[in-house]
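Okay, structure first, notes after.
The values are calculated or read from the model by the stated rules, or taken from the named source; none is laboratory data. Only a predicted model underlies this, so the values are computations on that prediction, with no experimental measurement involved. Neighbour counts are summed over all protein chains in view; Cβ atoms, including those assigned to glycine, are modelled from backbone coordinates with ideal geometry.
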Amino acid sequence: MIKIIHTADIHLGKNFGESLGEKGKEYRIQLLKSLENIINLAINENASLLIIAGDLFDSNQVHDIIIRKVSSGFEKLHAKGIAVCILPGTHDPYNDKSIYRFVNFPPNVSVFTEEHNKETYENLGLTVYGKAFDGKQIGKSPLLGLSVSDESKYNIGIAHCSVRIEGLVEKDAMILDKNEIEGSGLDYLALGHWHSFRDLSQGNTKAFYSGSPEPISMNQTGSGNVAMVTIYEKGNIKVEPIHVGTKRFDQIDIDVGSVRSINDMINTIEAKSDPNLILKVTLSGLSNMDYTYSPKDIEEDLSRKFFYLRILDRSHISPEEIKVDEFPEETVTGRFIRTMKQKIESASDEEDKWVCEEALKLGFAILQGNTQVIE
C-alpha cells in the first residue's frame, strides 16, 4: 500500500489587498500554517509522497522568511523519508525569473521543469510525470508528448491546468481534454489550478483536483481539502478529501425590500457568526426611505463575530420613494431627479420606462454616496 498526499494552489505570499482588509496579513500567515498542517498530515499518515500540483507560491517574488519556512517543513519530511514533488504553476511559472531556479530545497524535493519531467522512485515502484508551466505553452495540453514507460508498476501524473468542459471551460493557459486523461496510461493524475476538490476521473485513470487548502478569493466554497490517495494495487486506488483548512467562505443575499427593520437585517447576518468564516453579504432589491442603514457601521459592529465580514450594498431606492421636494432644483441631485422623472413620464414604451427608472435608481444611489452599487 502506498499513500500519497496531493495538494495544490496554496499561494504562499499572496497579497490579499482590499479583499480582506486588515486581515490580509493574518491570512498570509495562515497559509503558511496550512502548509505546516499538510506536512504534519503526511507524517502522521505515514505517506510516501507529497505532491504539490502548482502554485505553491503566489508569485516568483517571495520573502525569504517564507522560503525558509517552506524548506524547514520539507526538511521534516526528509527526516521521515517522505519525498516531495513540486510542479510550478501559473502563478509561480518556471521561467527565467522562477523562484525554483534560486532556491535549494532539501534532497527529497523534486521540482519538475521542461527538462526534468519525470522522477522515478524505485522503492515504491512508482514514476511521477509532470510538465511545468513556463508561460510559453499557452492553450496547450500539459500531457502533450507524455509517454508512460513500463519501468514502474505505478505511473502518476501532475498537471496544473483546466479540464475542457464544453460551454463552461473552453480556454485557459493550459487545458486538457477528458479523452487525454483516459488515454494517458496514468494510474492517477494530480490536478491543480481549480480551487475546489473535484473528481474528473476518466476510464482507468483516477484524476482529481485537490483544491486549495484555504479559500484564496471571496467566491470559493469548495476549498479546504487535500486529496489522500491510497494505492492498494494496480487498478485499486482510493481518493478521498481530507479537510485541513481552518477558514471557509460563504455568502448570503438580503433583499432589503423584505426587511422590516435594521435589527432584522443584523440578526440575519449575525446568525452566520463564526470566527473562522469569511462572509460576503450582498444587499439588493428596492429599499424604502422609512429607515436608513450604513453597511460600514454594520460591518464594524459585527466584524468581531467573523474572521472577515464584507457587506456590499447593491440595493436601490424605489423611484416612488425618491421625493422631488426634498432636493432643491438648484442642486445636482435635484436637477437629476427632475430630469429622470420627466423622462420616465414621457417614455415611449415599457422598456424605455424601465431603462429610465434603473438610471434614476442607480444615479440617485451614486449621488447619495453609495458607490458600492457599481463595484
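Name the single residue that is nearest to ALA173 (Cα to Cα) among those in the range 120-147 being crowded, with 18+ Cβ neighbours inside 10 Å and at pLDDT 90 or above.
Top of the filtered list is GLY130.
Being touching a Leu at 6+ places or on another chain (Cβ under 9 Å), surrounded by 15 or more Cβ atoms within 10 Å (Cβ to Cβ) and modelled with pLDDT under 80: is that true of LYS361 here? Answer is yes for this residue.
Note on the range 175-207: residues that are under 11 Å from ALA53 (Cα atoms) and either touching an Asp or Glu at 6+ places or on another chain (Cβ under 8 Å) or assigned to a loop (DSSP other than H, G, I, E, B) (or both) amount to 3. Scanning the range 314-343 for residues that are touching a Leu at 6+ places or on another chain (Cβ under 7 Å) and modelled with pLDDT of 80 or more turns up just one, PHE336.
For the range 211-249, the set of residues classified as crowded, with 22+ Cβ neighbours inside 10 Å, touching a strand residue (DSSP E or B) at 6+ places or on another chain (Cβ under 7 Å) and either acidic (Asp, Glu) or free of Cβ contacts under 8 Å to residues at least 12 places away in the same chain (or both) is empty. Residues that are among the small types (Gly, Ala, Ser) and either in a loop (DSSP other than H, G, I, E, B) or surrounded by fewer than 22 Cβ atoms within 10 Å (Cβ to Cβ) (or both) within the range 148-165 comprise SER149, SER152, SER162, listed in sequence order.
For the residues ILE181, ILE216, ILE158, the requirement of being within 27 Å of the chain's Cα centre (by Cα), assigned by TED's automatic domain parsing to the domain that holds GLY89 and either under 27 Å from HIS78 (Cβ atoms) or at pLDDT below 85 (or both) singles out ILE158.
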